[in-house]
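Trainee: My questions all concern the structure below.
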Amino acid sequence: MPRKNKETRGLTTYFVWDKPVRYCHWLNVLCVLCLIAIGTVILNSKALGVTNEGKILLKTWHVYVGYVFALNLTFRIVWGLIGSPYARWRAILPIGSSYWSDFAQFTKGIKQRKPVGFLGHNPLGRLMVTLLFLLMSIQALTGLVLAGTDVYMPPFGGVMKQWVAQDAASVVDVKPYSKDGVDEQNYQTMRDLRQPVVKTHYYVFFILLGAIAIHILGVVATELREGNGIVSAMFTGKKFFKDKPIDTE
């Protein structure tokens with residue numbers, strides 16, 4: 001149950017987001033920004049005149065940041081099972097009979113220009129957060145596969161090296177952007193099989209960019225419409241309301 005403070009100037013303050021949620025959120029923001037920046041350079045490496053050595057370095061750092069991103073995402077998924085009430089999946093996923101009744105009240109409030117307050121994510125926010133988690137999970141999983149099939153990094157890099165190597169003794173010679181010790185047929189088969197993963201990672205990248213933009217616009221619009229501290233809450237953990245939020249436990 002969120003901690004409720006005394007009323008100040010007609011507003012009641014509630015503690016909603018615990019430290020793990022806030023730390024995960026901002027670490028995720030930093031990782032996504034870094035991944036977008038490095039990924040954009042990789043996508044435009046030919047136009048930018050980046051050498052093969054430069055591409056290997058960029059992809060290696062992309063993977064390192066991706067590891068942090070994936071671990072942070074994994075922790076947040078687990079925290080959704082054991083964390084505080086509004087951090088849990090039952091308060092995030094758009095499921096359950098209460099979700100649809102909340103959605104009806106939320107849309108009614110918008111139509112009547114009388115916003116309905118939510119301590120956690122409002123019904124539209126729950127849809128967006130679910131979409132973001134889905135897209136980020138796809139990017140994390142496909143990214144790990146590409147890390148192994150492109151620059152031979154964990155967790156699949158070792159297996160991929162063994163697959164494309166000419167023999168057991170040649171595994172140590174297998175390196176990114178090099179044909180030394182590589183069986184051409186096995187290498188081509190591996191590259192063909194990774195193509196669907198490449199395409200998925202590529203297109204979801206742009207879908208994720210669009211979803212992030214919509215998410216930011218939605219947060220700003222909600223802050224301007226309701227003024228309940230939705231932005232500052234991700235720093236302080238606290239939201240404040242004049243009327244009692246309908247999802248108060």
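Computed from the coordinates by the stated procedures, all read-outs in this text should not be read as laboratory data. All of these numbers come straight from a predicted model, not from anything done at the bench. Every residue, glycine among them, receives a Cβ derived from its backbone with ideal geometry; neighbour counts consider all protein chains shown.
Trainee: Once amide H atoms are built 1.01 Å from N in the peptide plane, which residues 5 or more positions from residue 12, or in another chain, come under 5 Å H to H?
Mentor: 241, 242
Trainee: Let me ask something additional. Order of 18-26, 159-167, 188-196 by packing, highest average Cβ count within 10 Å first? Mind showing how you got there, number by number?
Mentor: Details: 18-26: 15.4, 159-167: 17.2, 188-196: 12.6.
Answer by packing, highest mean first, reads 159-167, 18-26, 188-196.
Trainee: For the residues 107, 200, what sequence is obtained by ranking on other C-beta atoms within 10 Å, fewest first?
Mentor: Details: 107 13, 200 16.
Arranged by neighbour count, lowest to highest, 107, 200 become 107, 200.
Trainee: Put a dot 7 Å past each Cα toward the Cβ at residue 53 and residue 104; how far apart are the dots in nm?
Mentor: 6.7
Trainee: Here is a further query. List every residue whose amide H lies under 5 Å from the amide H of residue 182, counting only residues 5 or more places away in sequence or on a different chain, with H placed 1.01 Å from N in the peptide plane.
Mentor: 166
Trainee: For the chain, what is the calculated [θ] at 222 nm in deg cm²/dmol (nearest 500), taking -39500 (n - 2.57) for each run of four or more DSSP H residues and dividing by its residue count? Show your work: numbers first, answer last.
Mentor: Details: 8 runs with 158 residues, N = 249.
Mean residue ellipticity at 222 nm (helix-derived): -22000 deg cm²/dmol.
Trainee: Taking the Cβ of each residue in 202, 99 as the centre, tally the other Cβ atoms inside 10 Å and list the residues starting with the fewest. Could you put the intermediate results ahead of the total?
Mentor: Working: 202 13, 99 16.
Ranked by crowding around the Cβ, least crowded first: 202, 99.
Trainee: Further question on the same structure: Any idea what angle helix 52-82 forms with the longest principal axis of the chain, computed on alpha-carbon atoms, 0 to 90 degrees, nearest 10?
Mentor: In the chain, helix 52-82 runs at an angle near 40 degrees to the longest axis.
Trainee: Let me ask you something else. Residue by residue through region 212-220, what is 3J(HN,Hα) from phi via Karplus (6.51 cos²θ - 1.76 cosθ + 1.60, θ = phi - 60°)? Round to whole Hz and write x for glycine and proline.
Mentor: Here the 3J(HN,Hα) series is 5, 4, 5, 4, 5, 4, x, 5, 4 Hz.
Trainee: Could I ask something else about it? Taking R0 as 30 Å, what FRET efficiency do you get between residue 41 and residue 219 from their Cβ-Cβ distance, rounded to the nearest 0.05?
Mentor: On the way: r = 28 Å, r/R0 = 0.92.
After rounding to 0.05, the efficiency reads 0.60.
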